[in-house]
Amino acid sequence: MTISKTLLSSLSEIGDELLQQNDPVLHNLLLQEYHRQMNSLYMVAASSIADPSVLAGGMIATNVTTEGYPGNRYHAGCKYVDEIENLAIDRAKAVFKAQYANLQPHSGSSANQIVLFSLLKPGDTILGMELNSGGHLTHGAKASVTGQYFCPISYTVNNDGWLDYEEILHLARQYQPKLIICGASSYTRTIYYQKFREIADEVGAYLLADISHIAGLVVADAHPSPIDHAHFTTTSTYKQLFGPRGGLILIGKDYEKLGPDNNKTLAETIQKAVFPFFQGTPNLSAIAGKATMLQRLSTQEFKTLAHRIISNAQALASNLKAMNYKVITGGTDTHMVLVDVHASGVTGLGAELALEACNIIVNKNKIPGDQANARVTSGIRLGTNVLALRGMGAKEMSQCAELIHQVISSLKKTDKENYVLDQQIQESVCTQVQQLCNSFPIPNYPF
Ligand code: DSN
């Protein structure tokens, strides 16, 4: 234990020194990026912070090249990485209460593509949430391979921003999709997986739940779990799991059901689809990082954090509403708040840029019925994963809402697309952001 601790810290120290000597330009950029992360209010809803134990876990396994799965590799030298991958698999199954877990997908997008391409044939119909309503590119958007190789039908949200399960049922009956995807990138309300499964069963479709944004809430029982409702559940591991870059595919009670070729079970279908159908060498450093992350997710501290993530988002939404901002659906059940800034007289892009100039990092986002294009948008999406990690609570959410308001309300339009930010406001908000970041530093070992 002591030896490996010393080894890892000297490795990272030597690495730091070598980088500084041999590549000072990159070293300096990395230091600046670290400084930016520590000293801004990071509210991109698709993000979290991997703590040093997750980063350290990946340092050594990166040097192993192999293909295949533990106990069945195509290269020698896998004794320990086999144990690492098995540990990660066991932890993923335990944490998500799943029967099958595959840790090798390189991202959440890859995980979705692997599921789709292993079950469907080109031209098969899929039903997923429309990108502009809050779905993800890989749920059948035309710009994605999933919208070009398959025949995508999209469900939307109603005018108030809520999923309409009657509409989804109607579309499923009408188009008889082979696969339905539930899950979203910018939907702030609870997703009812059981309803989706009833719809899928009625039309004989597979159900894929993409929980990339809310996987942490699912683990902490702060959002319903899809594991036994969906045939397949996918997630990325860096958004709300505080892990390394990567993806994960899980199967619940259906894992032994026969897949589309009636020859392999669903679990066997995915196992063969990840390797060798889609991927070659797995990223073993990411798998080691995932193992560390999964161990941390099982703690009571993480459950507490997940609940604080939600209560912070709810506090942020109510404070913004109290200042007359139009919050889509009127609030949130998750970590995410979607705000119509067009109703406050600015574009999503204008708000994003002005907030970034004050070290408040959000992203412009389409809102239901948005007429603006995706590079401009009429909304912003706020997330509380990192603010909650810093230990902020209701009082600080009120401050954050107030800071956002100070920036947005001070913007003056200079032409059709551009705004100017009052310099005094910018300086004052920057100072207040710095004070908040100093008072609530990102903890090294947060949970
Ligand atoms: N899926 C993108 C998002 O939600 O912002 C990033 O991973």
Original post:
Does region 336-357 contain any residue that is assigned to a helix (DSSP H, G or I), among the aliphatic types (A, V, I, L, M) and closer than 24 Å to Phe242 by Cβ?
Top reply: yes
**OP:** Within region 133-145, identify whether any single residue is hydroxyl-bearing (Ser, Thr, Tyr), open to solvent by less than 30 Å² (accessible area, probe 1.4 Å), under 27 Å from Asn283 (Cβ atoms) and within 16 Å of the ligand (Cβ to nearest atom), and answer yes or no.
**Re:** yes
Original post:
Regarding Ala291, is this residue small (Gly, Ala, Ser), more than 16 Å from the ligand (Cβ to nearest atom) and open to solvent by less than 10 Å² (accessible area, probe 1.4 Å)?
Top reply: yes
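One line per residue, one yes/no per condition, for (1) among the charged types (D, E, K, R); (2) touching a Phe, Trp or Tyr at 6+ places or on another chain (Cβ under 8 Å):
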site: Leu11; (1), (2): no, no
site: Leu19; (1), (2): no, no
site: Val25; (1), (2): no, no
site: Gln32; (1), (2): no, no
site: Asn39; (1), (2): no, no
site: Asp51; (1), (2): yes, yes
site: Pro70; (1), (2): no, no
site: Arg91; (1), (2): yes, no
Original post:
So which of Ile408, Ile367, Ile404, Ile360 is among the aliphatic types (A, V, I, L, M), crowded, with 19+ Cβ neighbours inside 10 Å, touching a His at 6+ places or on another chain (Cβ under 9 Å) and touching a residue at least 40 places away in the same chain (Cβ under 8 Å)?
Top reply: Ile367
Original post:
Restricting attention to region 391-447, which residues are in contact with a helix residue (DSSP H, G or I) (Cβ under 8 Å, 6 or more places away or on another chain) and β-branched (Val, Ile, Thr)?
Top reply: Ile404, Val407, Ile408, Ile425, Val429, Val433, Ile442
Subject >> Single residue of region 375-390 satisfying the filter (in contact (Cβ under 8 Å) with a residue 40 or more places away in the chain and not in a helix (DSSP H, G or I)) that is surrounded by the fewest Cβ atoms within 10 Å (Cβ to Cβ) >> reply: Val376
Subject >> Residue under evaluation Val339, criteria (1) within 16 Å of the ligand (Cβ to nearest atom); (2) open to solvent by 10 Å² or more (accessible area, probe 1.4 Å), criterion not met >> reply: (2)
Original post:
Any residue at all in region 78-87 that is over 20 Å from Gly246 (Cα atoms), surrounded by 14 or more Cβ atoms within 10 Å (Cβ to Cβ), modelled with pLDDT of 95 or more and among the charged types (D, E, K, R)?
Top reply: no
Original post:
Which one is farthest from the chain's Cα centre (by Cα) among residues in region 120-132 that are open to solvent by 30 Å² or more (accessible area, probe 1.4 Å) and within 14 Å of the ligand (Cβ to nearest atom)?
Top reply: Asn132
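Here's the yes/no breakdown for (1) among the charged types (D, E, K, R); (2) within 16 Å of the ligand (Cβ to nearest atom); (3) farther than 30 Å from Leu338 by Cβ:
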| residue | (1), (2), (3) |
| --- | --- |
| Ala46 | no, yes, no |
| Ile49 | no, yes, no |
| Val54 | no, no, no |
| Tyr74 | no, no, yes |
| Ile84 | no, no, yes |
| Leu87 | no, no, yes |
| Ser109 | no, yes, no |
| Ser118 | no, no, yes |
Subject >> Complete set of residues in region 217-247 that are away from the ligand (no atom under 14 Å from the Cβ) and either of a type in the set (A, V, I, L, M) or in a helix (DSSP H, G or I) (or both) >> reply: Leu217, Val218, Val219, Ala220, Ala222, Ile227, Ala230
Subject >> Count of residues meeting criterion [part of a loop (DSSP other than H, G, I, E, B) and open to solvent by 80 Å² or more (accessible area, probe 1.4 Å)] in region 15-60 >> reply: 1
Original post:
How many of the residues making up region 219-261 are in contact with a strand residue (DSSP E or B) (Cβ under 8 Å, 6 or more places away or on another chain), aliphatic (A, V, I, L, M) and farther than 12 Å from Lys97 by Cβ?
Top reply: 5
**OP:** Given the conditions (1) of a type in the set (D, E, K, R); (2) within 16 Å of the ligand (Cβ to nearest atom); (3) more than 19 Å from the chain's Cα centre (by Cα), report the number of the one that Glu396 does not fulfil.
**Re:** (2)
**OP:** Tell me, yes or no, whether region 22-35 has at least one residue that is away from the ligand (no atom under 16 Å from the Cβ), touching a strand residue (DSSP E or B) at 6+ places or on another chain (Cβ under 6 Å) and modelled with pLDDT of 95 or more.
**Re:** no
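The values are calculated or read from the model by the stated rules, or taken from the named source; none is laboratory data. Please read all numbers here as calculations on a predicted model, not as lab measurements. Neighbour counts are summed over all protein chains in view; Cβ atoms, including those assigned to glycine, are modelled from backbone coordinates with ideal geometry. Side chains included, ligands, DNA and RNA excluded: accessible areas come from the protein's heavy atoms. Shrake-Rupley method; radii C 1.70, N 1.55, O 1.52, S 1.80 Å.
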